[in-house]
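Report on one structure; see the data block that follows.
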Amino acid sequence: MRMNLRAKRFVLLVLMVILGSQVKAQFPVQVVTQIKSPASLNLSDYYTGAIPKLTVTLTNRDLLQPSLNVKLRITISNNSVQLKTDESKVYSSVNLTPGVPVQVSGAALAQYLNPNNLIFQGFTKQEYLSKGQIPKGLYTFCFEVVEANTNRVLSRSGACALAWISKTEPPLLNTPFNRSAIIIKNPAFIPFNWTPRHQNSANNAVNTSYEFEMVELLDDKVDPNAGFGSSRILYKAKVQTSSLLYGPNQPPPCLRVSGMLGL
């Protein structure tokens, strides 16, 4: 007896559901990798600092299974350099409750990015330790999830993030000139302008913001560069352009101030 069109569609739908369930059972963990720009040549920058530069979000999508105890495998690579997880080392695991996303960042990622826990290819660990950075270039950061006890792969391949990594030079202040005297007026009208020094890379100015800080220096004998970090901040701003106007809406500046810019 010939199968009618409706029956064929029903059988096809059932097969698709079964196949989809099998794929989910085989790879129950979804991985999303995010890198905050600008990326760094120093591996420790990805797990230190108040705002994580690298975040990996893991979600156990198999709601019918119990919690999963998992570890990560990481591969950082470009055309000539590759850094991979050394699986002979011991790593702490992460518990994934079904349906609950878990973010892995900061200290939890430190074990995977520790140079002693990585296998270097095309670039030695000794070279990295002596320079404190990996070679610049376009890298992929890829993560794979494995079961902690069996090393069974629980995620699909391709959970990667692209990042152009180069040495980022701080902006060069044009006006006012370094150590120049500024006549204080009321209201204040002090234009600041600087030249970016990172635009020769793929990390261009479109994705760049600048943090401007002005502090009060109480001791004239202290080098401004040394005393900046311990001085009281008078004004702080974040801008997308390479200029800033310190005008009437800002607090009146003190007689001896120092400013610093950062990407």
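For the reader, a short list of remarks on this structure follows.
- Apportionment of accessible area to carbon and sulfur, the range 53-127, percent (1.4 Å): 48 percent
- Per residue accessible area of the range 97-240, 1.4 Å probe, in Å²: 60 Å²
- With a simple spin-label model that places each label point 7 Å from the Cα along the Cα-to-Cβ direction, the separation between Gln250 and Asn149 comes to 6.1 nm.
- Computed from label points 7 Å out along Cα-Cβ, the spacing between Ser92 and Ser130 is 3.4 nm.
- Surface accessible to a 1.4 Å probe, Phe192 within the full protein complex, Å²: 20 Å²
- Counting only protein heavy atoms and a probe of 1.4 Å, the accessible surface of the range 130-190 is 56% carbon and sulfur.
- Sorting the segments 222-230, 178-186 by their mean number of nearby beta carbons within 10 angstrom, highest to lowest, gives 222-230, 178-186.
- FRET efficiency for Asn174 and Ala50, using Cβ-Cβ distance with R0 set to 25 Å, rounded to 0.05: 0.25
The values are calculated or read from the model by the stated rules, or taken from the named source; none is laboratory data. Values in this document were obtained by computation on a predicted structure and should not be read as measured data. Note that each Cβ is placed from the backbone with ideal geometry, even for glycine, and that neighbours are counted across all protein chains shown. All accessible areas refer to the heavy atoms of the entire protein, side chains included, with ligands and DNA or RNA removed. Shrake-Rupley method; radii C 1.70, N 1.55, O 1.52, S 1.80 Å.
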